[in-house]
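Report on one structure; see the data block that follows.
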Amino acid sequence: MKDVVKKILLCAAIVVLIQVLPAGKLIFAETNSGQTSSDTSVQQTTSSSNATEVNKIDEKTGVALNKIWTIKLSKPVNFSTVTNDIIKVIEKDTGNSFQINLHIQQSDPSCINIIPVNDYAPSKEYSIVISKNLKSQDGSNLKSDVTMDFKTQDLPVSADNINISVMQFNDYTLPNEVQAKMPDGTTKQWDVQWNNNSIDTSIVGTYTFTGTLNGTNVSVNLNLNVTPYQITSASNGTRNQSALQISHLNYLMASKANRDSVEDAAAKLNGNSETNTCVYFASESYRRVGFAIPTWVCNTHKFSDLLTSYGWKKDYNKDNLISGDQAFTKNDSTGYPNHTYTFVKWVNDNDHSWAYIVDNQRSIFNDGLHKRDILLVDTDQFTAFQYFMYKPN
């Protein structure tokens, strides 16, 4: 073919282009997102009559195992010359042909895709060989054979397990990449697919997630340790929580064992019954952090009046609740709140309807810590919120 040049472009995403253009040079250009970033040229030095001439393109390394190469000609290709004898991939260690499919693009018949039937082997060298007998539709053929060696990417051999700690209720997302160990002893960030992406940090404990490094059989475990919810301060912008109520909340949240112990003590004060022990529960838990509420305080009337006598304030606006506040529900037939509980935090900070709270309802939820629909937006199982009390600083 007169005044022919073969050009190979390695695109960052998936392809290398081997392009036949007029000019008498072989041009190789690395690309990033389809844009040429650098190139080198090799002038052809032999005539088209030299049957042994071969244009050899610089080797490519780190090639993806499912790599699709694309040959681009300056003219539409003669379909009959696009065969596995004219275009082939050779395994360099064995000399055997690697099985490929050749696809002429319908939208651009000057482009030919080299598609591996199966993935290339990792850490292995191959050669693309294009015979000069590849022809365009006008009968022109290449001036010489073209070859390009490439080496496939190394695959990880292992990955260390990962240990992560996150505090209860805090969001956590499994990583998209993990550090993998390569055959040469180096490490590399590698994409990972987890067997389960569902994470619930509302319950303290250690949870193990297993992932597989993409394109490999290498597995990795991530151990997520959810630690108890503990705070050093709480504020709504106009009020800071008292040290007493922070200490009280932290005691209740430190462990289920703490909550169960308080529940057991409250039931004992109530004749060994857990029914109607919300004030016993709250009073007992406050006593454990140094607030000496008398054991005879047994109902919301006495409890609310006692807190008031100690200077505690009432607030009827649920949106002013902060962690550690003591909430009271609507009145019952006695004219006093039906229930009391300690507010922990909103389930959704942008939706003040459901909250995490602590109270005496272990028999219902298997734990004094649970969610509560405080405005009865979605349920009518319990009494709605009325007000909360707090100790001013």
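The values are calculated or read from the model by the stated rules, or taken from the named source; none is laboratory data. Quick caveat, the model's predicted, so the values are computed rather than measured. Positions of Cβ are generated from backbone atoms using ideal geometry, with glycine treated the same way; all protein chains shown enter the neighbour counts. In case anyone asks, the SASA skips ligands and DNA or RNA and just uses the protein heavy atoms, side chains included. Shrake-Rupley method; radii C 1.70, N 1.55, O 1.52, S 1.80 Å.
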Rounded to the nearest 10 degrees, the helix 278-287 long axis (Cα) sits at an angle to the longest Cα principal axis of the chain of 90
So what is the calculated 222 nm ellipticity per residue for the chain, using -39500 (n - 2.57) for each DSSP H run with n of 4 or more, over all residues, to the nearest 500 deg cm²/dmol?
-> -3500 deg cm²/dmol
In terms of modelled amide H atoms, which long-range or inter-chain residues lie less than 5 Å from the amide H of Phe98?
-> Val89, Ile90, Glu91
Could you pull out every residue, at least 5 positions away or on a different chain, whose amide H is within less than 5 Å of the one on Leu134? Hs are placed 1.01 Å off N in the peptide plane, and Pro or chain starts have none.
-> Leu142
Step through the residues of region 111-118 one at a time and calculate ³J(HN,Hα) from phi using the Karplus curve (6.51 cos²θ - 1.76 cosθ + 1.60, θ = phi - 60°), rounding each to whole Hz and writing x for Gly and Pro.
-> 10, 10, 8, 9, 10, x, 5, 10
Alpha-carbon radius of gyration plus Dmax, which is the widest Cα pair, for the chain in Å | 36.1, 111
Rounded to whole Hz and in sequence order, give me ³J(HN,Hα) for region 360-372 from the Karplus expression 6.51 cos²θ - 1.76 cosθ + 1.60, θ = phi - 60°, writing x for Gly and Pro.
-> 8, 8, 4, 5, 8, 10, 6, 6, x, 8, 6, 8, 9
Taking the Cβ of Lys188 as the centre, find all other residues whose Cβ is under 9 Å away and add up their charges (Lys, Arg: +1; Asp, Glu: -1).
-> 0
Tilt relative to the chain, helix 300-309 - C-alpha long axis, 0 to 90 degrees, to 10 | 90
Taking a crude spin-label model, label points 7 Å out from Cα along the C-beta direction, the Asn197 to Asn299 distance in nm is 5.4
Length added when fully stretched, Ser97-Leu376, from 0.36 nm per residue minus Cα-Cα | 93.4 nm
What's the extension gain from Asp58 to Asn84 if we count 0.36 nm per residue and subtract their Cα-Cα distance?
-> 7.1 nm
Using only Cα atoms, what Kirkwood radius does region 159-238 have, in angstroms?
-> 14.3
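Averaged per residue, what accessible surface does region 281-393 expose to a 1.4 Å probe, in Å²?
45
Note the full-extension length gain between Asn317 and Lys268 as 0.36 nm times their separation in residues minus their Cα-Cα distance, in nm to one decimal.
On the way: separation 49, 0.36 × 49 = 17.64 nm, distance 3.42 nm.
Gain in length upon complete extension: 14.2 nm.
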For region 256-393, what class follows from the C-alpha gyration tensor (a ≥ b ≥ c being the square roots of its eigenvalues): rounded when a/c is under 1.5, otherwise prolate if a/b is larger than b/c, else oblate?
-> rounded
Given the options Thr212, Thr275, Thr300, which has the most mean-square fluctuation in a GNM of the chain, springs set between C-alpha atoms less than 10 angstrom apart?
-> Thr275
Name all residues of region 207-236 having a backbone nitrogen under 19 Å from the label point set 7 Å from the Cα of Val289 along its Cα→Cβ direction, giving them as ranges.
-> 227-236
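Between Ile115 and Gln137, what FRET efficiency comes out of the Förster formula 1/(1 + (r/R0)^6) with R0 = 22 Å and r the beta carbon distance, rounded to 0.05? Let's see the in-between values first.
On the way: r = 22 Å, r/R0 = 1.01.
Step by step, r from the Cβ atoms, then E = 0.50.
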Length-normalised contact order of the chain, Cα under 8 Å, at least 6 apart, in percent, tallies to 10
At a Förster distance of 25 Å, what's the computed FRET efficiency of Ser363 paired with Ser333, Cβ-Cβ distance as r, to 0.05?
-> 0.60
Distance-filtered residues of region 226-253 - backbone nitrogen under 20 Å, label point 7 angstrom along Tyr172 Cα→Cβ | 226-232, 253
Rounded tilt (10° steps) of 243-254 against the dominant C-alpha axis of the chain = 60
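Is region 318-382 rounded, prolate or oblate when judged by the Cα gyration tensor, a ≥ b ≥ c being the square roots of its eigenvalues, rounded requiring a/c under 1.5 and prolate requiring a/b larger than b/c?
Details: a/c = 1.44, a/b = 1.19, b/c = 1.21.
Rounded is the answer for region 318-382, as its axis ratio a/c remains below 1.5.
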By its C-alpha gyration tensor, with a ≥ b ≥ c as the square roots of the eigenvalues, how is region 137-182 shaped: rounded for a/c under 1.5, else prolate for a/b larger than b/c, else oblate?
-> oblate
Accessible area (Å², 1.4 Å probe, nearest 10) - Trp190 | 20
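For Asp171, Asp93, write out the residues from largest to smallest accessible area, computed with a 1.4 angstrom probe and no ligands counted.
Asp171, Asp93
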Taking only C-alpha positions in region 107-169, Rg and Dmax in angstrom work out to 22.2, 72
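Quantify, in whole percent, the carbon and sulfur part of the accessible surface of the chain (1.4 Å probe; protein heavy atoms only). Spell out each step's value before the answer.
On the way: 8750 of 19260 Å².
Answer for the chain is 45 percent, counting heavy atoms of protein chains only.
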